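Every number here is computed from the coordinates shown, using simple stated rules; none is lab data. What you see is a predicted model; the values in this text were computed from it and never measured. Quick reminder, even Gly has a Cβ in these numbers, built from the backbone with ideal geometry, and neighbours come from all protein chains shown.
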Amino acid sequence: MNEEIAEKIKKMLVERLRIPEDELNYDSELFGDDIGLDSIDSIEIIVGLEDLFGVDMSGSGKENFQSIRTLTQYVEEHKED
Amino acid sequence: MPDNSKRCVVTGLGLVCALGDDAASCAASAFSGKSGIKDVASFDTANCYSHKGAEVDLSDSELCKDKYDRTTLLCIKAAGEAIADSGLDLEKEDRTRAGVILGTCIGGAASIDKYYQDSYEGKPADKEDILRMPASAIANNVASHFGLDGITANIVNACAAGTMSLAGACDMIRAGKADLFVAGGCDSFSSLAYAGFHALHALSEKECSPFNHSDGITIGEGSGVLIIESYEHAVARGAKIYCDILGAGVSSDAYHITAPRPDGEGQMSAIRRAVRNSGVSFEDIDYINAHGTGTSKNDEAEFLSLRTLFGCREDLSVSSTKSMTGHCLGAAGSIEAVLTIEAMNRGEVPPTAGYEGEDLDVLKEKAGGIDFIANEKKAKDAKVCMSNSFAFGGNNASIVFAKEPHDIRDERNTDPIYITGIGEVTGTKADGASDYRADLSPDRFKEHGVKSAFLRKLDRFSDLALLSGIVALEDAGITVDDTNADDIGIVIGTSDGPITEIVNFQKLVIEKGIENGSAFMFPNTVYNAAGGYLSIFTGIKGYNITIANGFQAGLQSVMYACEAIRRGDENVMLANGTDELTDIEAELYKNAGYIDGGVVLGEGSVTVILESSKAAEARGSRKYAEVAGYAIARHSASYAVTEGTGEALVRAINEAISDAGITASDIKTVYGFANGSKPLDDILNGAVSEIWKDGIEIRNVRAGTGEARAASATLSLACAAHDMEKSSGNYSLAVSFGAGGIYSAVVLKKA
């Protein structure tokens, strides 16, 4: 996993979605009970990743939104350098 | 024969929206299925996926020559028409008995946009824009414009606000607090709402298509205004009567901050309450003007609610006029009320516009037998009609109009109401700080079981209200569960609402464009989000309104909450005052020139639990004090002026004392509102020395917490209640003021 991308995603989640930084690690289940994201947050994540990496995640599968790790993998695979 | 003393009748109509500049032209379009939706003209939507809007084609100066925020101007236009239509001669009226209750969602968003756009472009700030920002200013502006001195209120429950304001006007008339109201709703077209719904992907790409393609809303603007009077008042002046307003129902989903409950439970609760309060049966309803926004979530839940409650009644007609007016947010309920009354008047019901070909077959299947009117109006002698409004925050409202008088459910009682719980969140002044700020660290919430997964969504305003609400419930020993959730309600009072979140959202839109609003922040920009979160966290499903009306909203909330108990709607009410303080608000107050006079700002939230005597006895509740009487009085002044309005304070105090059935000499202590501003302190001292010539003890609660506005107003009552529990005196009085010369007074009695 690209740590640089993961760190940027984490920072984005903390800033845009006000997730307490100390409660968020790369494998935290984003849409589960711990972090508790919902559909509105997923819109915000899509916009955030588009801003950061130019990667469009709209319409992509739920499994990609599970954690920072899966988001990072998606970005790595779809990022155009 | 129906009891005329309980009747509230509509005697005047006014309307401005994308369909036209007056009620007649709007109705002509709506009943011919003509839509007012066009490409947006107010701002550039080139980078947005949608370009549709339903704007009013009158400029600000064409609406009214006076300078106000556009939301106020739209309302003045509609109110002027309604007053003229009603034939009211204001010169002959007792103006202290004529009030203004308005619903709004976005309030002064156009002025917020302008102020921060100027700042972004490096232009000097216009102080007047600051005074036009809060929703609190609107009813006051309208009342002052027409010279009305009765109760004012801005009901700020987003898209249900327009319907709730009509219900609120009837409640106050039936409680004997006024003879007539200019009531309705208003909202201007704004980049705030457009960017917000755009970010949520809730805008339809084409014209909205309610109960049809249901692929999103089209935002509109406008104002609908009704003149609502007591029957006796209308008859005494020989007014023509359009219809009766029978009853209304207000409920809370306790589910999600933007989405309605998919099972429609909250919507059905509001509809059931409206039907019950109106003294009619489901079979009596001839036509429903549905909320019908055109989002899939709303339309599906509403289809389900209507089919569940009304079965497959083929003689029930339903339509959504939003297909033509657009969704006018806080004005929606009032605009739809005017069109619903027009339907009864004309003997025909308006359609939902925009169905094509196969759409009609699909509709037939989804409607399940109910007569959903598509494309063309239908001749029908609708005698009893309903209008529904559902909002962000999970707030639902339903109201019933009738062509002929009916006996309504009237269980209003004057049994004692007790304060049985108190929750206080106030600020402290750090070393070297210039104001008082509250500690809202996550640990304070964790102590009460609020997890960070929930808490992170809330803005500061919602944080404050949530914390004081939870603490108050705990103090009262009330646990909300399935057995009592429907019997508990919430009234939030605020002066400035969630202004920090609103400003931050607006700045983002100014800097990054309308297409880049934040889906995360937008739900918090509505004033009723705090009441919504409180209901979601606690599970409270009853009455739920938010009043924005200057500092005194924190006492006005107590009166509205007491009235909900007196009507028999709820057993327990949370009455609250909340205002936040961040650097954004501190700067706005400074630039408005407000804190130059020695005022030190604060923030906070105070909730008092009000409980019916029956519920309090049954639970064996601790009683701090009894709420014995209350009153509001106004002396019309511009929003920035306090001087010269003191006679209204004297009136509010005397009326509250009289409401409590006592005399001034029975009062031991006055809990005042002095805050270091000399004109204000003089008004308090002047009124007190006029009523209590030999002097009386005055306590000012702002000394250690700062001017926390609506929170300070509720705090004065909470302090009085604390003291009453221990004191030897039998009665005390809490008073508060609001910008524009409105005063409220509440009398407490030893329990």
Degrees between helix B:529-538 axis and first principal axis of chain B (Cα, 0 to 90, nearest 10): 80
Approximate spin-label separation A:Val14-B:Ala640, in nm, with each point projected 7 Å along Cα-to-Cβ: 4.3
Ranked B:His233, B:His722, criterion: other C-beta atoms within 10 Å, fewest first: B:His722, B:His233
Helix axis angle, B:70-86 relative to chain B longest principal axis, alpha carbon, degrees: 80
Shape category assigned to the stretch B:417-749 from the gyration tensor of Cα positions, a/c cut at 1.5: oblate
Cα-based reach from B:Lys668 at 22 Å (exclusive), listing lysines while leaving out same-chain residues under 8 positions away: B:Lys623, B:Lys693, B:Lys726, B:Lys749, B:Lys750
The stretch B:232-278: C-alpha gyration tensor shape, a/c 1.5 cut-off, then a/b vs b/c: prolate
Per-pair calculated FRET efficiency, R0 = 25 Å: B:Asp694 and B:Lys726 via Cβ, rounded to 0.05: 0.55
Too-long pairs where the Cα-Cα distance tops 30 Å, listed order kept, from B:Lys451/B:Lys614; B:Lys52/B:Lys366; B:Lys507/B:Lys590; B:Lys77/B:Lys322; B:Lys123/B:Lys429: B:Lys451/B:Lys614; B:Lys123/B:Lys429
Karplus-derived HN-Hα couplings along the stretch B:285-299 (A = 6.51, B = -1.76, C = 1.60, θ = phi - 60°), whole Hz, x at Gly and Pro: 6, 9, 9, 10, 8, 6, 5, x, 6, x, 8, 5, 5, 5, 5
Taking the stretch A:3-78 and dividing mean pair separation by its residue count, relative contact order in percent (alpha carbons under 8 Å, at least six apart): 36
Magnitude of the charge dipole, the stretch B:181-278, Cβ model with Lys/Arg +1 and Asp/Glu -1, debye to 20: 320
Low-density loop cleavage sites - GluC sites (Glu not before Pro) in the stretch B:303-355, where at most 15 other Cβ are within 10 Å (DSSP): B:Glu314
On Cα atoms only, tilt of B:678-691 relative to the major axis of chain B in degrees: 80
Helix-only [θ]222 nm of the protein assembly as shown, DSSP H runs n ≥ 4, -39500 (n - 2.57) each, per residue, nearest 500: -11500 deg cm²/dmol
Partners for B:Lys92 among lysines (Cα-Cα distance below 21 Å; same-chain residues under 8 apart left out): B:Lys177, B:Lys240
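Assign unit charges at the C-beta atoms only (+1 for Lys and Arg, -1 for Asp and Glu), then state the dipole size of the protein assembly as shown relative to its Cα centre in Debye, rounded to the nearest 20.
Charge dipole of the protein assembly as shown: 2220 debye, to the nearest 20.
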Other-chain or far-sequence residues with amide H under 5 Å of B:Thr546's (modelled H): B:Val156, B:Asn157, B:Ile492
For the stretch A:49-64, Karplus couplings with θ = phi - 60° (6.51, -1.76, 1.60), whole Hz, Gly/Pro x: 6, 4, 4, 6, 10, x, 9, 9, 9, 5, x, 7, x, 3, 4, 6
Anisotropy class of the stretch B:524-594 from Cα gyration tensor, a/c 1.5 cut: oblate
Hz values of 3J(HN,Hα) by residue in the stretch B:623-630 - Karplus curve (6.51, -1.76, 1.60), Gly and Pro given as x: 10, 6, 6, 9, 7, 9, x, 7
Net charge dipole size for chain B [Lys, Arg +1 and Asp, Glu -1 on Cβ; Debye, nearest 20]: 940
Amide H contacts of B:Cys208 (H built 1.01 Å from N, under 5 Å, at least 5 apart or other chain): B:Thr218
Of B:Lys65/B:Lys678; A:Lys8/B:Lys446; B:Lys377/B:Lys403; A:Lys10/B:Lys541; B:Lys34/B:Lys541, pairs whose Cα-Cα distance is over 31 Å: B:Lys65/B:Lys678; A:Lys10/B:Lys541; B:Lys34/B:Lys541
For B:Thr352, distant residues with modelled amide H under 5 Å away: B:Ser320, B:Ile373, B:Ala374, B:Asn375
